[in-house]
Amino acid sequence: MPIPTENVGSLPRPARLQQAIADYDAGSISFEDLAAEQDAACKDSIERMEATGAPIVSDGEQRASSFATYPITDTLAGTGLADNLAADGQYFAIFDDGHHRQLPRLTGAPFRYKTFASDYLSKSIPYASGPMKQAVIAPSMLSLLYPLDEEVDGYPREQFLSDLCDEAERDIRQAFAAGAQRVSVDFTEGRLASKNDPRNPWTGRHMLQQFIELNNRVLDRFSAEERVNIGIHTCPGGDMDSVHSADVDYADLLPSMFGMNAGYFLIQLASERDKEYVYKLIGEHSREDANGVPQVCHIGVIDPLNPTVETPEQVAEDLVTAARHIPVERLGATDDCGFSPFSVDDKPKHGSPDFARDVAFQKIAARVQGVQIAGERLGV
């Protein structure tokens, strides 16, 4: 069986689409005008990704406000915010370059998704000629909508978490029903949970284990056969070509993360200083049997934050080295992160989102070619 490979999810939005988002927020164009730009960007994303030879593709999340907020707001600026939410929530992350991203705040009951990932996928899947995947947000991320130290009047935290798990399960099931072959769950808050950033209070609350338990409340609603195609993505963030938690040792995350009963993992690695150290951790802590499924580990071989395009040979070398520590039958390849997890992204190291978009497809092509080379060397 060939070494499996897939992207995480997002691609840089064209400058034209980002301008349309700004115009929609300003009220100068209609939602129909914005949707037309989103449709065009999705079609282009799928066609160009399929042209790389990728065995499974996505629409690049061109319709989503961000990987985290798509269920609850139409745009990052808060246009179309869902019911029972206010814009003044806590920071999700403070990035190394100093900028931050903020979540809304839950104000009342009930919590419901406004938009499901399947709403986007159903519009994009007609553009594809082959299999598609869909990324969804982890319930652990959206649990941060609830205030840290206060109880929402008339809406106990446990009732909120129960409602949240119901919505997260529905998000995954509807994505499969809409035609997704694979669904990956974005869990970038996992590594950040061990950072203890005094500027960002939730990171100092030792929340990693409760995040994992919450995510397992959803994963365990699926059969082993279903969980083979449900993945978990982890990274140290990726926004404006900056990160939020690359300084956190993977030893503080991976032993706990593999406690989630997912069938596969997408793990940032291309940009790690000591990749082989992490390969060893993955080999030691990933499970051959996670409640009925083997955990396939897709290592990151592409750095979306670096404009330099990796060569297929570099990709192959990473995979061959990783195979010394990770059983080859449970080894896969991916990109470190989505190329633009937030819809409005200047890509400063790249110079422009359009250039970053072109580079992204070159990098994906290099990944696909490198996986083929590695497969030949490893005899799979």
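Remarks
- Residues satisfying the stated conditions in the stretch 56-66, i.e. part of a loop (DSSP other than H, G, I, E, B) and either at negative phi or free of Cβ contacts under 8 Å to residues at least 40 places away in the same chain (or both): 56, 58, 59, 62, 63, 64, 65
- In the stretch 67-117, residue farthest from residue 144 (Cα to Cα) [restricted to those that are touching a residue at least 60 places away in the same chain (Cβ under 8 Å) and among the acidic types (Asp, Glu)]: 97
- Pick from the stretch 270-292, criterion touching a residue at least 60 places away in the same chain (Cβ under 8 Å) and farther than 28 Å from residue 217 by Cβ, ranking: surrounded by the fewest Cβ atoms within 10 Å (Cβ to Cβ): 271
- Breaking point among (1) farther than 17 Å from residue 254 by Cβ; (2) assigned to a loop (DSSP other than H, G, I, E, B), for residue 206: (1)
- The sole residue among 239, 186, 197 that is in contact with a strand residue (DSSP E or B) (Cβ under 8 Å, 6 or more places away or on another chain) and closer than 22 Å to residue 167 by Cβ is 186.
- So residue 193, is it crowded, with 16+ Cβ neighbours inside 10 Å and over 19 Å from residue 244 (Cα atoms): no
- Pair list, Cβ < 7 Å and 6+ apart or interchain, from the stretch 298-316 residues that are acidic (Asp, Glu) to residues that are part of a loop (DSSP other than H, G, I, E, B): 303/270; 303/271; 303/336
- Complete set of residues in the stretch 306-351 that are hydroxyl-bearing (Ser, Thr, Tyr), farther than 22 Å from residue 229 by Cβ and surrounded by 17 or more Cβ atoms within 10 Å (Cβ to Cβ): 340, 343
- Residue within the stretch 165-174 that is within 25 Å of residue 223 (Cα to Cα), touching a residue at least 60 places away in the same chain (Cβ under 8 Å) and either not polar (S, T, N, Q) or not in a helix (DSSP H, G or I) (or both) present: yes
Readers should treat all values here as calculations from the given coordinates under stated rules, not as data from a laboratory. On a predicted model such as this, the values are computed, not experimentally measured, just so you know. Here Cβ is always computed from backbone atoms with ideal geometry, including for glycine, and neighbour counts include all displayed protein chains.
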